[in-house]
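Have a look at the structure below, then the notes.
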Amino acid sequence: MSFSSKVRKSLSLEDSGYSGLVLEKLSSSRIQIGDTISVTKDGVEHTGVLMPRSQVGSDSIHVVIKLTSGYNIGIRMSQETVVHRIKPRGRRQAAPTETRIETEGLPHISILSTGGTIASKVDYRTGAVNPALTAQDLYDTVPELQNYANVHAKVLMSVLSENIRPTDWTKIARAIALEIESGADGVVIAHGTDTLGFTAAALSFALRSLPVPVVLVGSQRSSDRPSSDSAMNLTGAVTLAARANAAEVMVLMHAEIGDSYLHAHRGTRVRKLHTSRRDAFQSVNSRPLFRVTETEIVELNPPLLRRELERKLVLKPKFEEKVALVKTYPGVEHSLLDHLIDTGYRGFIIEGTGLGHAPDSLQSSVKRAIDAGVVVAMTSQCIFGRTDLNVYRSGVELLAAGVIPCEDMLPETALVKLMWSLANSKDGDAAKSLLLTPIAGEIDMRSEESEYITRFGGV
Ligand code: ASP
């Protein structure tokens, strides 16, 4: 498998960010964005696909080409630099929202795109990244996908993931169920990275008894930027969805800063731990499930379910929105909780300090919430490790008041699970017991401190 990609774009030269000498030279040779060109400077010839300039403002000095390796290079132009068009860009078709390409014998994989960087391109006038790609664009960006699967690509929504709401999780879960019922051998969800972990957790609870894998994938750099991770991540996701012997919700992203391997993480155990690195996603309190390289899929941790086409999917896609995630901090005021109680919230996940503590000043509001029937549960802002409310007085008092310790669950997974538990239970007591029942690998009563070392030691 080659994880590199060619990119075809149809932006006009005038809108592409080039100006001055560069624009003049490209225009006089009738070169367009997406053409394969040669640039000869100081006796050295560089060949590649002409890319738009990914910067705010215009560039009159550098021309950017994508080499066949997939990397973009910028070449400083002078009057003496010679540019030639070698091959015009491929003709672009009207942009449909659905694409289907069939090759006999290959597995059928559905790619549902929701937006985010992986499905975005740079707006060359403002420099901002917008979720604007169609299914065809997504497919065009990585044409070698057709070597691994019959891809059915469809745009579900085009949003940056900071705007995703629980109702969108419901929509995505229903769309996945439809693809599976129509015979997909695996489903890939292209999604923004900011809230990828929340959606992965939501789908892990909503899609019970999965017959095939569901792989969420994002990218930290859009496909038209140098060192984009989108082609490799997307190709890896399609490969994993097509071949992994697992039937659970996973997140696949770069595992290190180079391009050598990817990790598939359990949907309820994964977190974006870095704002910009390509290996930002890590499993927390658990090992990744698979390592995916150009040539193999290596199992690191057994999946909960194996692929079994005959298994009947059970869809439980509803979430209660009146649940809040509240982080404690020095000086946090109880009026925050009071406001939530007064506005009809049905559950709080507290992201407490250390083993799961909250300042004494919150205690009366916590008791008031529990008396009013609000489900109150505790996680830790330490992220790694598990809660233990039996060690310090403050924890013991919260326990006595009825706060539920969430063991080693991530705070965001606990939030999503409480939303799901409340929407799928007849009352608060049933929701409380569902919250602590392991459903999708989100709680491990035995996870050990050594998991933390493992994560930093690499696997
Ligand atoms: N803000 C973007 C999003 O989550 C970032 C990304 O996709 O990586 O949609």
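The values are calculated or read from the model by the stated rules, or taken from the named source; none is laboratory data. Given the structure is predicted, the values throughout are model-derived calculations rather than measurements. Methodologically, a virtual Cβ is constructed for each residue, glycine included, from the backbone with ideal geometry; neighbour enumeration extends over all protein chains shown. These accessible areas exclude ligands, DNA and RNA; they are computed on the full protein's heavy atoms, side chains included. Shrake-Rupley method; radii C 1.70, N 1.55, O 1.52, S 1.80 Å.
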Within the stretch 199-230, of all residues that are open to solvent by 10 Å² or more (accessible area, probe 1.4 Å) and under 28 Å from Ile73 (Cβ atoms), the one nearest to the ligand (Cβ to nearest atom) is Gln220
Only one of (1) more than 14 Å from the ligand (Cβ to nearest atom); (2) without any contact (Cβ under 8 Å) to a residue 24 or more places away in the chain does not apply to Thr275, and that is (1)
Flag for Thr199 being part of a loop (DSSP other than H, G, I, E, B) and under 22 Å from Ile164 (Cβ atoms): no
Checklist entry - Among the residues of the stretch 153-169, is any open to solvent by less than 10 Å² (accessible area, probe 1.4 Å), away from the ligand (no atom under 12 Å from the Cβ) and of a type in the set (Gly, Ala, Ser)? => result yes
(Q) Being among the acidic types (Asp, Glu), open to solvent by 40 Å² or more (accessible area, probe 1.4 Å) and more than 19 Å from the chain's Cα centre (by Cα) is the requirement here; does Glu181 meet it? (A) yes
Counting only residues in the stretch 68-94 that are β-branched (Val, Ile, Thr), touching a Lys or Arg at 6+ places or on another chain (Cβ under 9 Å) and in a strand (DSSP E or B), the one modelled with the lowest pLDDT is identified as Ile73
With criteria (1) within 30 Å of Gly17 (Cβ to Cβ); (2) open to solvent by less than 10 Å² (accessible area, probe 1.4 Å); (3) in contact (Cβ under 8 Å) with a residue 40 or more places away in the chain, His254 comes up short on (3)
In the stretch 143-166, anything in a helix (DSSP H, G or I) and in contact (Cβ under 8 Å) with a residue 12 or more places away in the chain is listed as Pro143, Glu144, Leu145, Gln146, Asn147, Ser161, Glu162, Pro166
Restricting attention to the stretch 29-42, the residues that are out of contact with any Ser or Thr (no Cβ under 8 Å at 6 or more places or on another chain) and closer than 9 Å to Val83 by Cβ number exactly 2
Residue hits (the stretch 257-282; surrounded by 24 or more Cβ atoms within 10 Å (Cβ to Cβ) and of a type in the set (Gly, Ala, Ser)) are Ala264, Gly267
